[in-house]
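Report on one structure; see the data block that follows.
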Amino acid sequence: MVTGLNNIVNKLKNSTKGLEAKAYDVIKKSAQPIVSDAQAGINSRTGNLRASIGFVERNKRYKSAVIIGPRTYGSWKGYHAYLIAGGWKRQRYDGSVTIVPPNPFLARAFDKNKTTVKTSIEKGLSELISKQIKK
């Protein structure tokens, strides 16, 4: 009986190899509309912030997590995203103050696409799991 149990455990271990990477790809593909809408919701002079919005490199600890936001590493220049999203006061040398209103581009993109992304992730992961079970 122990031999049979070991075979079952080994088969389960082998069947889940690469499953996490495939799940990440499914989630990333499903979340692409949020990235597109977030990029479209930015009025940018230089285009640096718009170009920096995307999938942030994931932490080794959370391999299947997808993080969408401004990228600030490498050649990406999304450092000022928090100013655009939250607004700020601009004070000039002459003492005049201009209030720049917030533009919550990421929140709008998420709210607009959350139901379609959720259903797409559920469908993609269920297909992935059913393929994995058939193996």
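The values are calculated or read from the model by the stated rules, or taken from the named source; none is laboratory data. What you see is a predicted model, and the numbers here were worked out from it, not measured in a lab. Heads up, the Cβs are rebuilt from the backbone with ideal geometry, glycines too, and the neighbour counts pull from every protein chain shown.
Can you name every residue in the stretch 59-116 that is β-branched (Val, Ile, Thr) and surrounded by 13 or more Cβ atoms within 10 Å (Cβ to Cβ)?
Val66, Ile67, Ile68, Thr72, Ile84
When you check Arg45 against the structure, is it under 21 Å from Leu125 (Cα atoms), at pLDDT below 85 and not aliphatic (A, V, I, L, M), yes or no?
Judged against the criteria, Arg45 is not a match.
Select from the stretch 117-135 the residues that are surrounded by 12 or more Cβ atoms within 10 Å (Cβ to Cβ) and of a type in the set (Val, Ile, Thr) and list them in ascending order.
Within the stretch 117-135, Val117, Ile121, Ile129 meet the criteria.
What number of residues within the stretch 75-131 satisfy the criterion of being farther than 26 Å from Asn43 by Cβ and of a type outside the set (A, V, I, L, M, F, W, C)?
12
Quick one: what pairs do we get from the stretch 111-128, first residue within 20 Å of Ile67 (Cβ to Cβ), second of a type in the set (S, T, N, Q) and in a helix (DSSP H, G or I), C-beta under 7 Å, 6+ apart or different chains?
Val117/Ser30; Ser120/Ser30; Ile121/Ser30; Gly124/Ser30
Would you mention how many residues in the stretch 106-120 are over 24 Å from Ser52 (Cα atoms) and β-branched (Val, Ile, Thr)?
2
Within the bounds of the stretch 9-29, is there any residue that is touching a strand residue (DSSP E or B) at 6+ places or on another chain (Cβ under 7 Å), at pLDDT 85 or above and either hydroxyl-bearing (Ser, Thr, Tyr) or not in a helix (DSSP H, G or I) (or both)?
No, the conditions are met nowhere in the stretch 9-29.
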